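K.L.:
So that we are looking at the same thing, I have put the structure below in structure tokens.
The values are calculated or read from the model by the stated rules, or taken from the named source; none is laboratory data. Keep in mind it's a predicted model, so treat the numbers as computed, not measured. For neighbour counting, all protein chains shown are included, and Cβ atoms are generated from backbone atoms with ideal geometry for every residue, glycine included.
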Amino acid sequence: MMLFDPNKPFFMGNLHTHTSNSDGRMAPEDVLDLYRAKGYDFIALTDHWKRTSGDAYLRDDMLVIPGIELDYTLPAQVIHLVGVGVDECILEAQRNGGPQDGINRIRRAGGRAILAHPAWSLNTVETIGCLKGLTATEIYNSVSGAPWNGDRADSTDVLDVAAAHGCLINTVAADDSHFYTGEECSSYIMLQTEELTQESVLSALDQGAYYATRGPRFNQIEVTEDEIRVSCGPVSQIIFHSDLFYVKGRTVAGEGITEAVYPIQKSRSESFVRIILVDEQGRRAWSNPIRVG
Ligand SMILES: [Zn+2]
Ligand SMILES: [Zn+2]
């Protein structure tokens, strides 16, 4: 099985963006100009508790998707939910409804719910596993890194633990841009779809037809009974995470590597594999977790 369709183009998009309509430091029109100039094909404006961008529209060939971010405070953790592709009904969402109510409302408003920055939020595996109806979670959130907001941008660890406990969620990378001092235009997804409409982007999100990245490119991931074959742009490491501890050869390292093969550990009942690319500058890309065995 090929995870990517060789006949479909990849589109570059950021699904978590703030503007001066909430606590972002840049006006919406300027944010859109900035992302378009960096080559983005789609963007979701996701201000806190506000849906401010109207219905989806094309602006200079970039698709602008209406979104929102809802936040909830629990003991020892917070839950932030990004809603992408939501209609106006979402404005009825209430803080006191709780996070599951938030996900349900995002879905009733025609959107998709993404759990934002689980590592930054100190989310537990139990919390992540209890949320029903998530389309994805962020595996990397730019603004949750130094110098903007501590150093918990990368949620791979907690998502690996969740996956090892049977909770496999697809993963996006997003900027969560607020300050526009370097966190913007750095973490995104590459998504395969035939056309650039809200409907087709949401459908590709449902199908997991994308990968998350800060630079490195996947070309193809082929999954057979016995192995996973990766081809990609030149990187210095290709890493295969899973629910197993020691696995021989799970990191392939070298200069300008463009392919690697991972033998699925069938005899050890391996349950999932997540592929991570690391380029020369230390930037990463993440496949969605692949169920095996
Ligand atoms: Zn947030
Ligand atoms: Zn945010």
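K.L.:
Does T137 satisfy being under 15 Å from H16 (Cα atoms), within 16 Å of ligand 1 (Cβ to nearest atom) and of a type in the set (S, T, Y)?
P.N.:
Details: under 15 Å from H16 (Cα atoms): yes; within 16 Å of ligand 1 (Cβ to nearest atom): yes; of a type in the set (S, T, Y): yes.
So T137 fits the description; yes.
K.L.:
When both residues are 6+ apart or on different chains and their Cβ atoms are under 7 Å apart, which pairs have a first residue that lies in region 202-213 and is without any contact (Cβ under 8 Å) to a residue 12 or more places away in the chain, and a second that is of a type in the set (V, I, T) and surrounded by 18 or more Cβ atoms within 10 Å (Cβ to Cβ)?
P.N.:
So the pair list comes out empty.
K.L.:
Give me a count of the residues in region 103-123 that are in a loop (DSSP other than H, G, I, E, B) and touching a helix residue (DSSP H, G or I) at 6+ places or on another chain (Cβ under 6 Å). Let's see the steps before the verdict.
P.N.:
Taking region 103-123 as the starting set, the residues that turn out to be in a loop (DSSP other than H, G, I, E, B) are 109-111, 116-123.
Next, only the ones that are touching a helix residue (DSSP H, G or I) at 6+ places or on another chain (Cβ under 6 Å) stay: 109, 117-120.
Result for region 103-123: 5.
K.L.:
Which residue, of E184, E199, E126, E194, is within 16 Å of ligand 2 (Cβ to nearest atom) and outside any strand (DSSP E or B)? Outline the logic, then answer.
P.N.:
Details: E199 fails: within 16 Å of ligand 2 (Cβ to nearest atom); E126 fails: within 16 Å of ligand 2 (Cβ to nearest atom); E194 fails: within 16 Å of ligand 2 (Cβ to nearest atom).
Going through E184, E199, E126, E194 in turn, the sole match is E184.
K.L.:
Taking region 48-89 as the region of interest, how many residues are within 19 Å of L205 (Cβ to Cβ), over 17 Å from the mean Cα position of the chain (by Cα) and of a type in the set (D, E, K, R)?
P.N.:
3
K.L.:
While we're on this one: Whether any residue in region 13-23 is within 14 Å of ligand 1 (Cβ to nearest atom) and of a type in the set (D, E) is what I want to check.
P.N.:
Within region 13-23 (the criterion being within 14 Å of ligand 1 (Cβ to nearest atom) and of a type in the set (D, E)), the answer is yes, since at least one residue qualifies.
K.L.:
Is it fair to say R36 is touching a Gly at 6+ places or on another chain (Cβ under 6 Å) and charged (D, E, K, R)? Before you say what the answer is, go through the steps one by one.
P.N.:
Details: touching a Gly at 6+ places or on another chain (Cβ under 6 Å): no; charged (D, E, K, R): yes.
Judged against the criteria, R36 is not a match.
K.L.:
Would you confirm, using the coordinates I've provided, whether G39 is assigned by TED's automatic domain parsing to the domain that holds G166, surrounded by fewer than 20 Cβ atoms within 10 Å (Cβ to Cβ), more than 14 Å from ligand 1 (Cβ to nearest atom) and touching a residue at least 12 places away in the same chain (Cβ under 8 Å)? Give the steps one after another, and end with the answer.
P.N.:
Numbers: assigned by TED's automatic domain parsing to the domain that holds G166: yes; surrounded by fewer than 20 Cβ atoms within 10 Å (Cβ to Cβ): yes; more than 14 Å from ligand 1 (Cβ to nearest atom): yes; touching a residue at least 12 places away in the same chain (Cβ under 8 Å): yes.
When the stated conditions are applied, G39 passes them.
K.L.:
If you don't mind, there's one more thing I want to ask. Name the residues in region 42-59 that are within 16 Å of ligand 1 (Cβ to nearest atom) and surrounded by fewer than 20 Cβ atoms within 10 Å (Cβ to Cβ), would you?
P.N.:
Across region 42-59, the qualifying residues are H48, W49, K50.
K.L.:
Still on this structure: Filtering region 90-115 down to residues that are basic (K, R) and closer than 20 Å to S203 by Cα, which residue is surrounded by the most Cβ atoms within 10 Å (Cβ to Cβ)? Talk me through it step by step, then tell me what you get.
P.N.:
Filtering region 90-115 down to residues basic (K, R) leaves 95, 105, 107-108, 112.
Imposing the further condition that a residue be closer than 20 Å to S203 by Cα reduces the set to 105, 107-108, 112.
On the way: R105: 23, R107: 18, R108: 14, R112: 25.
Among residues in region 90-115 that are basic (K, R) and closer than 20 Å to S203 by Cα, the one surrounded by the most Cβ atoms within 10 Å (Cβ to Cβ) is R112.
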